[in-house]
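The structure under discussion appears below in the form of structure tokens.
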Amino acid sequence: LIAFSFLVLGVIYTCLWLPEGSTAFFRLQHNINTTRNTPKDKLEAALERVSMVNKIMIIAILNKSYMEKNGMFNLFLQSFREGEGTWFLIKHLSFVAVNQMSFNQCCALGLNCYKLVMEGVDFSEVVFYMSDDFIEMMWRRKLFLGDVLKHGYSFILTSHP
């Protein structure tokens, strides 16, 4: 009877008078349940769709010069299709287009495409090495890759597909 009384008192104390830090488990459970229903941004949805189970993916940056007919992009894709044991990696390739034309061509091929939106900058034309536009594009690309890391993903970057 005494043991039962202590048990009841312990449960009442736990429910009513727990210090703030002791309820961390219950807050953690609440946070887990609420994050499942949180809407994802476009980047998170794209990363989740492409990544492997261990949250690793391959990122290739696309621009107009890479998308030329029978150019580097076609050779890059061909290498995955014809390489020994590499065909399955295509579904883990995220193609990040820096202009609308590259994005449209990528989507037309049924690949995993993401358009990198760069406010106030037009990369529809070829950008020359070390020009102001080139440097701006590199900074925007670095910021994008930082966002990928902030979302908890790891990647292999191909700078010249």
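Throughout, read-outs are computed from the coordinates displayed, never taken from laboratory work. Computed from a predicted structure; not experimentally measured. Glycine gets a Cβ as well: all are built from the backbone with ideal geometry, and neighbour counts include every protein chain shown.
Key figures for this structure:
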{"read-out": "Count - residues of region 51-72 that are in contact with a strand residue (DSSP E or B) (Cβ under 7 Å, 6 or more places away or on another chain) and of a type outside the set (Lys, Arg)", "value": "8"}
{"read-out": "Test for residue 74: is it free of Cβ contacts under 8 Å to residues at least 40 places away in the same chain and surrounded by 14 or more Cβ atoms within 10 Å (Cβ to Cβ)", "value": "yes"}
{"read-out": "Subset tally (residues that are in contact with a Lys or Arg (Cβ under 9 Å, 6 or more places away or on another chain) and under 21 Å from residue 145 (Cβ atoms)) for region 53-89", "value": "1"}
{"read-out": "Number of positions in region 102-133 that are under 16 Å from residue 64 (Cβ atoms), of a type in the set (Phe, Trp, Tyr) and surrounded by 14 or more Cβ atoms within 10 Å (Cβ to Cβ)", "value": "2"}
